[in-house]
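Below you will find the structure I want to go over with you.
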Amino acid sequence: MGEIVFEPYSRRTFLPKLISYLPVTNESVYQYFYFFNLFVIIVTVVVLFWFFLSQKSRNFIYLVILLIFNPNFLRMLESMPVMLDLFALLLTLLYIFIYYSDKQKKLLVILISIITILAFTRENLPILITFSIFIHSLLINFRNLKQILFNLLILIYAIFVTFVSFKQPSIKAPNYVPDTEINNVLIFWFKDIITSSDNFFRFFYLLIIGLGFVGIISLFNWKQIFGAHGYIYLFSFFSVVSGILLGGDTARIMFIPFVTLSIIYLIDKKINSASVLLIGLTIISWNPLQYSDGSETSYLLMYGQRYLDFAVYEQQLSQLVLSGIIYFMIFLVIDSVLGYLRYQKK
């Protein structure tokens, strides 16, 4: 609409600029964002399907189930249609999958284009992706100087285009949000977390909700760093760390690393009872039966954002524990029956 708002959104200008070329009004601007993000969701699912198909993995359905129930995928489209997280996720996946297919040199122009757009969509991601790939090439391909130099040059470009995105005009943040200069953001959220035991507990609760049990287990498997595609793990790890440092809506910030961690958890894994249990507990942790009646409080309950009262988190945690126990007992019964039937067939 031609307005510049406080950072970091004044740096995330690609999609708003694209929308501005359409005949927008105060009423239609949300609709354009909504349908663009709906299109992005469809393309994201298609890209994930193609990727799992190319790897001859049948676990695509498990990732789609996790995405459907994740509060920051379909539910975000309904309540926050102008958010750029979905577009940032798609660009991130495209970049990672190009490296996964080992076609980065043939598709260099596409890589540069993705990095450029991503710098004006989610400003920290280009550096995180390119830095992760560069570090990974040093770890496992330290003798391949040409590959290391190639990855270093892309990292340098990512730093440059990020610097350009930070030079866009902006206005001072309103009093109700923290100053978004990077050092002030770190100080603000660090103080916020340690202010009280309630804030400290809430921070870790949101971290767990954001990553889910699938993401957390995958994050603990640090040996993935030394695999052929360890850069996906490194990117996820750096994303989690940067999200913790930058604070804010921790659960939503963890959405992209949750997806990338889930991919490396599922892509080569033979799904067993433990995996099904883990996926089920992850979905339960998101309180999938929670709905919004249109009020602000009910929206915040759906997404678990950090500025809810501590009592809300206590209630959600107790519901999670109770639901998890019930699910675990039902799961044990069903798994035992299925195991007995398989044994009888033998």
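Please treat every number below as a calculation from the coordinates, not as lab data. Every value quoted in this text rests on a predicted model; they were computed, and no experiment measured them. Please note: Cβ atoms are built from the backbone with ideal geometry, for glycine as well, and neighbour counts cover all protein chains shown.
Can you show me the helix-derived [θ] at 222 nm for the chain, built from DSSP H runs with n ≥ 4 at -39,500 (n - 2.57) apiece and divided by the number of residues, rounded to the nearest 500.
Numbers: 16 runs with 243 residues, N = 346.
So the helix-based figure for the chain works out to -23000 deg cm²/dmol.
Also, quick follow-up: Put +1 on the Cβ of every Lys and Arg and -1 on every Asp and Glu Cβ in the chain; which of I225, V164, S285 then has its Cα farthest towards the positive end of the dipole?
The one lying farthest along the dipole's positive direction is I225.
Hey, with R₀ at 30 Å, roughly what FRET efficiency would I61 and F142 work out to, going by the Cβ-Cβ distance, to 0.05?
Numbers: r = 38 Å, r/R0 = 1.27.
It comes to 0.20.
Only counting other Cβ atoms within 10 Å, I'd like T25, T44 sorted with the fewest neighbours first. Numbers along the way, then the final one.
Details: T25 10, T44 19.
Ranked by crowding around the Cβ, least crowded first: T25, T44.
Here's another thing I want to ask about it. Starting from the eigenvalues of the Cα gyration tensor, five times each then square-rooted, give me the equivalent ellipsoid semi-axes of the chain, largest first, whole Å.
On the way: eigenvalues 204, 158, 81 Å².
Values for the chain, descending: 32, 28, 20 Å.
Now, a different point. Give, rounded to the nearest 20 debye, the magnitude of the charge dipole that the chain has about its Cα centre when Lys and Arg contribute +1 at Cβ and Asp and Glu contribute -1 at Cβ. Before the final figure, lay out each step's value.
Numbers: 24 positive and 18 negative charges, 343 e Å.
Here the chain has a charge dipole of around 1640 debye.
Also, quick follow-up: Would you mind putting 334-341, 64-71, 311-318 in packing order, based on average other-beta-carbon counts within 10 Å, highest first? List each step's numbers first, then the result.
Working: 334-341: 11.1, 64-71: 18.1, 311-318: 13.8.
Final packing ranking: 64-71, 311-318, 334-341.
While we're here: What ³J(HN,Hα) values, in whole Hz, does the Karplus curve 6.51 cos²θ - 1.76 cosθ + 1.60 give for the range 233-240 when θ = phi - 60°, with x put for Gly and Pro?
Each residue of the range 233-240 in turn: 5, 4, 4, 4, 4, 5, 5, 5 Hz.
Give me the distance in nm between label points sitting 7 Å out from Cα along the Cα-to-Cβ direction at D309 and L53, one decimal.
According to this spin-label approximation, the distance is 5.1 nm.
Right, next: So what's the Cα pair-distance distribution over the range 50-167, bin width 5 Å, in %?
Taking every Cα pair in the range 50-167, the percentages come to 2, 11, 17, 19, 17, 16, 11, 5, 1, 0.
Quick check on packing: order 319-331, 279-291 by the mean number of other C-beta atoms within 10 Å, highest mean leading. Kindly include the intermediate steps, with their values, before the conclusion.
Details: 319-331: 13.5, 279-291: 18.2.
Peptide ranking by packing, descending: 279-291, 319-331.
Just to confirm the filter: which trypsin sites (Lys or Arg not before Pro) across the range 243-322 are DSSP coil and have at most 15 other Cβ within 10 angstrom of their Cβ? Walk me through the intermediate numbers first.
Working: sites: R252, K269, K270, R306; in loops: K269, K270, R306.
Filter output for the range 243-322: K269, K270.
Here is a further query. Where does each of M76, M83 land when they are ranked from fewest to most other beta-carbon atoms within 10 angstrom?
Working: M76 20, M83 17.
Lowest count first: M83, M76.
If you take the beta carbon distance between L317 and I42 as r and set R0 to 51 Å, what does 1/(1 + (r/R0)^6) give as a FRET efficiency, to the nearest 0.05? Intermediate results must be reported in sequence, preceding the final value.
Details: r = 34 Å, r/R0 = 0.67.
The computed FRET efficiency comes out at 0.90.
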